[in-house]
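The values are calculated or read from the model by the stated rules, or taken from the named source; none is laboratory data. All values reported here derive from a predicted model rather than from experimental measurement. We place every Cβ from the backbone using ideal geometry, glycine too, and count neighbours over all the protein chains shown. Protein only, heavy atoms only, side chains kept; ligands, DNA and RNA dropped before computing areas. Shrake-Rupley method; radii C 1.70, N 1.55, O 1.52, S 1.80 Å.
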Amino acid sequence: MPPKPKRTTKPALALPAKGDVVVKVAADREVRLTNLGKPFWPELGITKRDLLQYYLDVSPALLPHLRDRAMVMKRYPNGAAGDFFFMKRAPTPRPPWIETIAIEHESGNVIDFPMIQDLPALLWVINLGCIDLNQWYARCDDVDRPDYVHFDLDPVKGGTPVPFERVRETARVVHRGLEALGTASYAKTTGSRGIHVYVPIVRGPTQKDVWTFAKRFALGLESLYPSLITAEYRIARRPPGRVLVDYNQNAWGHTLASIYSVRPHPQAAVSTPVTWDEIDAGIRIEDFTLRNVPARVKKKGDLWAPLLAAKGRFRLEKYL
């Protein structure tokens, strides 16, 4: 039985509605938060201040999932409906206490990624216009050895829209398949249109090994449920009406939106951990938003605490 979710407490800090503010989070760490009144979801009346306040409120549950991992920034300077751009390299100037990790890519290019180690760093990144957070799958002490494998369950683009019920059905199939291998798995909404399923693993296999396992598993499900599931990564070759069990997001250097990430969704939906009973009951993406997730976390605790635990991790090596 997985451990009970760890309950978290809300930081005792409320931001002003407008203007700029300097937040002194620690004796030697101040963060200037700017343009708090700037609309980020104008049609919902949600401002940059609301986004920052959300991350303040969920930070006790969120930060353990981000620590010691490189962060790929996705910046929305003009709000959720505006243009965005990805930024891997930590910008300069930046506070001296922002930690970075140098990661060499195949091209030989070395990139200094920022790390979100604490609340000041989290506020600094969000203040840059990041709505969602996209962290590396492996920790910084060995960036090639992940500590989880995941599956991105995505309604296929193009053709007839795939009802979300089929995404939930696919999640249950993935869950049963992983149970048959003897491992627990944990689900969250993507905050966009699908569901993520994660498995905590014992570190050891390389990123390529993890990708290989995920591909083999997804192809196996496709062969068992051909009318529901596809593992075809190439859009032009995907059959219509299927749910993609995307294994390729496990490839080196790829990222997914983290747990508790707000997404640039019309309803400010949040990538939220859910129980398998809730999936059976019929959850929707829009059930979990910037406005209600902090209260949910306060009530239920961190449902994904097992992803951080040393015990209960799956040994992937036996299936490689």
Give the stretch 107-147 a look and list any residue that's out of contact with any Asp or Glu (no Cβ under 8 Å at 6 or more places or on another chain), of a type in the set (Asp, Glu) and either buried (at least 21 other Cβ atoms within 10 Å of the Cβ) or in a loop (DSSP other than H, G, I, E, B) (or both), or say none. 118, 132, 142, 144, 147
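This table checks each residue for (1) in contact with an Asp or Glu (Cβ under 9 Å, 6 or more places away or on another chain); (2) closer than 26 Å to residue 288 by Cβ; (3) not acidic (Asp, Glu).
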position: 181; (1), (2), (3): no, no, yes
position: 186; (1), (2), (3): no, yes, yes
position: 191; (1), (2), (3): yes, yes, yes
position: 204; (1), (2), (3): yes, no, yes
position: 209; (1), (2), (3): yes, no, no
position: 213; (1), (2), (3): no, no, yes
position: 218; (1), (2), (3): yes, yes, yes
position: 233; (1), (2), (3): yes, no, yes
Residue among 213, 164 that alone is at pLDDT 95 or above, within 22 Å of the chain's Cα centre (by Cα) and more than 30 Å from residue 141 (Cβ to Cβ): 164
Just a yes or no: is a residue in the stretch 286-297 buried (at least 22 other Cβ atoms within 10 Å of the Cβ), modelled with pLDDT of 95 or more, in contact with an Asp or Glu (Cβ under 9 Å, 6 or more places away or on another chain) and among the aromatic types (Phe, Trp, Tyr)? no
For residue 105: the one exception among (1) closer than 21 Å to residue 250 by Cα; (2) modelled with pLDDT of 95 or more: (2)
The stretch 113-133 residues that are without any contact (Cβ under 8 Å) to a residue 12 or more places away in the chain, paired with ones that are open to solvent by less than 10 Å² (accessible area, probe 1.4 Å) (beta carbon under 9 Å, 6 or more apart): none
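Run down 259, 279 and say which single residue is in a loop (DSSP other than H, G, I, E, B), open to solvent by less than 50 Å² (accessible area, probe 1.4 Å), within 16 Å of residue 153 (Cβ to Cβ) and touching a residue at least 12 places away in the same chain (Cβ under 8 Å). Working first, answer last.
On the way: 279 fails: in a loop (DSSP other than H, G, I, E, B).
None of the other options fit; the residue is 259.
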Which ones in the stretch 225-256 are assigned to a loop (DSSP other than H, G, I, E, B) and touching a Phe, Trp or Tyr at 6+ places or on another chain (Cβ under 6 Å)? 251
Output the residues belonging to the stretch 156-180 that are in contact with a helix residue (DSSP H, G or I) (Cβ under 9 Å, 6 or more places away or on another chain), closer than 17 Å to residue 233 by Cα and surrounded by fewer than 18 Cβ atoms within 10 Å (Cβ to Cβ). 157, 158
For residue 265, work out the one condition from (1) open to solvent by 50 Å² or more (accessible area, probe 1.4 Å); (2) in contact (Cβ under 8 Å) with a residue 12 or more places away in the chain it doesn't fulfil. (1)
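Residues that are among the hydrophobic types (A, V, I, L, M, F, W, C) and either modelled with pLDDT of 90 or more or buried (at least 16 other Cβ atoms within 10 Å of the Cβ) (or both), at least 3 per element: which strands (runs of 3 or more DSSP E) completely within the stretch 1-101 meet that? Step through it out loud before you land on a result.
Details: elements: 21-26, 29-33, 39-41, 71-75, 85-87.
Qualifying strands (runs of 3 or more DSSP E): 71-75, 85-87.
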